Amino acid sequence: MTTLDIKEELQSQLAKSKQDFRDLREKFLISQVTAYILANQLQKYKCGECKGIVESVLKKELHSNEGNLAEKSTLAQKLSKEEVRCESEGT
């Protein structure tokens with residue numbers, strides 16, 4: 001393998017990594033927005049048990065880069081479950 005071949009391979013890998021990063025960033029931002037929207041919806045129901053979750057989401061800036069994607073995804077899942085539960089209780 002020549003130096004030129006190695007360079008082309010590395011450039012190809014870099015381009016793929018950059019695209020993967022953009023895709024992950026997009027998914028991360030979508031999950032942040034989803035969590036924020038769900039928190040706003042739950043706030044309308046004034047569900048006591050989910051008050052802490054709602055407050056924690058609404059206090060964070062929407063475009064914050066703090067936290068990791070797994071935490072945001074878990075939070076969105078919790079909010080979604082709480083929304084369904086609160087709707088079924090009629091509170």
*Find the residue count for the range 8-35, including only residues that are basic (Lys, Arg) and surrounded by 11 or more Cβ atoms within 10 Å (Cβ to Cβ).*
2
*On the given criteria, is ASP5 modelled with pLDDT of 70 or more, in a helix (DSSP H, G or I) and surrounded by fewer than 10 Cβ atoms within 10 Å (Cβ to Cβ)?*
yes
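The values are calculated or read from the model by the stated rules, or taken from the named source; none is laboratory data. Quantities reported herein were computed from a predicted structural model and do not represent experimental measurements. Using ideal geometry, Cβ is built from the backbone for each residue, glycine included, and neighbour counts are taken over all protein chains shown.
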